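Structure record follows, encoded as structure tokens.
The values are calculated or read from the model by the stated rules, or taken from the named source; none is laboratory data. Please read these numbers as outputs of a predicted model, since none were measured by experiment. Cβ placement follows ideal geometry from the backbone for every residue including glycine, while neighbour counts extend to all protein chains displayed. Heads up: the accessible areas ignore ligands, DNA and RNA and are worked out on the full protein's heavy atoms, side chains in. Shrake-Rupley method; radii C 1.70, N 1.55, O 1.52, S 1.80 Å.
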Amino acid sequence: MATGYFFSHRHILGIEQLSSEDIAYILSTADSFKEISARPIKKVPTLRGHTIINLFFEPSTRTRLSFEIAAKRMSADTFNITASTSSTTKGETLIDTAKNISAMHPDIIIIRHSSSGAPHLLSRHVNAAVINAGDGAHEHPSQGLLDLLTVKEHRGTLSGLKIAIIGDIAHSRVAHSDIVGFTKMGSEVYVYGPSTLIPKGIEQLGAIVCTSLEQAVRDADVVMTLRIQKERQNDPLLPSLREYSRQFGISGSVLALARPNALVMHPGPVNRGVELNPEVADGPQSVILDQVTNGVAVRMALLYLVMGNTQ
Ligand code: CP
């Protein structure tokens, strides 16, 4: 870390806004918080008296729960609002909802929304710090950071690695954040999937587009698979899931093309037998549950760091 570095971000809107120094600092902060979750009493007073709101307009298991656990482990007061229980169902706009929440003086608002840019919009209308928990197909920065932490833990470095990301790249905010994050930290990201699910211009983010599964997976240090995001596809972009699994699914024989100790990753939820064979998902190279564990530490670090920059 360069002398004089300090973390200056008030909001966490995307990995695009973070420098490699910011990322390294977040990961080392997360690493220092990990032991709190291993204690018999998993609580520290760091964020006592602070109010954190989880505003989720899309379903979530891992992200919502781990932000809530992270906040509670740091003694913050947390409140959850979901789309179905919010007054957006009565026609209230996101900005009006945000202004009303802001009037109750929260310190941090964590938002997941189906529209790309919703957290950025929110950040312009509230006094609280805003953390993006996934906006449309745009970014999922906390997932990208926990993926980086997991690889760093297992490989000891984030530079010089070959990361293969296979699947629905076009609709994946995780792919976007991971491509940007791993590239910034000095690794190469190879992407492969059905041609209908590879967005034009993805190379501009730093990704290398492959023409075969073998090209993507051969000698990879990390093999990450993604779910087909049917909820973001207006028209069917695939012939069938069976065909998808045959052409793009990761089986033991496909994984054998990668480095012998390659990590198998997936942001979840996994569609077993589609993008990932169950024996690979549950096999010795899988670090999928380590990703989930690291999600709590990364989110504790993000809450702690943005709280340090609120007035
Ligand atoms: N990885 C992830 O975002 O999972 P959830 O949708 O369950 O939060």
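Any residue at all in the range 44-58 that is within 16 Å of the ligand (Cβ to nearest atom) and in contact with a Phe, Trp or Tyr (Cβ under 7 Å, 6 or more places away or on another chain)? Yes: one or more hits.
Residue count for the range 252-294 satisfying the condition of being in a loop (DSSP other than H, G, I, E, B), of a type in the set (S, T, N, Q) and in contact with a strand residue (DSSP E or B) (Cβ under 9 Å, 6 or more places away or on another chain): 2. If LEU213 meets every condition in (1) open to solvent by less than 40 Å² (accessible area, probe 1.4 Å); (2) out of contact with any Leu (no Cβ under 9 Å at 6 or more places or on another chain) apart from one, which number is that one? The failed condition is (2).
Against the conditions (1) crowded, with 17+ Cβ neighbours inside 10 Å; (2) outside any loop (DSSP other than H, G, I, E, B), ALA220 satisfies every one except (2). Hey, can you tell me all the residues within the range 274-303 that are open to solvent by 40 Å² or more (accessible area, probe 1.4 Å) and either touching a Leu at 6+ places or on another chain (Cβ under 7 Å) or at positive phi (or both)? Passing the criteria: only GLN285. Number of residues in the range 1-26 that are under 16 Å from ILE179 (Cα atoms), open to solvent by 40 Å² or more (accessible area, probe 1.4 Å) and part of a helix (DSSP H, G or I): the value is 3.
Going by what's in this entry, would ALA170 be described as more than 13 Å from the ligand (Cβ to nearest atom), more than 19 Å from GLN17 (Cα to Cα) and not acidic (Asp, Glu)? Answer is yes for this residue.
Among the residues of the range 235-287, those identified as within 19 Å of CYS210 (Cβ to Cβ), of a type outside the set (A, V, I, L, M) and within 16 Å of the ligand (Cβ to nearest atom) are HIS266, GLU275. Return yes or no: is THR97 farther than 18 Å from LEU303 by Cβ, of a type in the set (Ser, Thr, Tyr) and open to solvent by less than 30 Å² (accessible area, probe 1.4 Å)? So THR97 passes the test.
I need the full set of residues from the range 176-217 which are within 23 Å of ASP135 (Cα to Cα), part of a strand (DSSP E or B) and hydrophobic (A, V, I, L, M, F, W, C), in order please. VAL189, VAL191 - these are the residues of the range 176-217 that are within 23 Å of ASP135 (Cα to Cα), part of a strand (DSSP E or B) and hydrophobic (A, V, I, L, M, F, W, C). The combined condition, being within 14 Å of the ligand (Cβ to nearest atom) and open to solvent by 10 Å² or more (accessible area, probe 1.4 Å), is not fulfilled by THR63. Here THR29 fulfils each of the conditions (1) within 16 Å of the ligand (Cβ to nearest atom); (2) assigned to a helix (DSSP H, G or I); (3) touching a residue at least 40 places away in the same chain (Cβ under 8 Å) apart from (1). Before we move on, is THR157 open to solvent by 20 Å² or more (accessible area, probe 1.4 Å), β-branched (Val, Ile, Thr) and either in a helix (DSSP H, G or I) or within 13 Å of the ligand (Cβ to nearest atom) (or both)? No: the conditions fail for THR157. Any chance you could count how many residues in the range 104-123 are more than 17 Å from the chain's Cα centre (by Cα) and open to solvent by 70 Å² or more (accessible area, probe 1.4 Å)? Looking only at that region, the number is 2. I'd like to check something: does the range 255-264 contain any residue that is of a type outside the set (D, E, K, R), farther than 23 Å from GLY156 by Cα and open to solvent by 20 Å² or more (accessible area, probe 1.4 Å)? Among the residues of the range 255-264, not one is of a type outside the set (D, E, K, R), farther than 23 Å from GLY156 by Cα and open to solvent by 20 Å² or more (accessible area, probe 1.4 Å), which makes the answer no.
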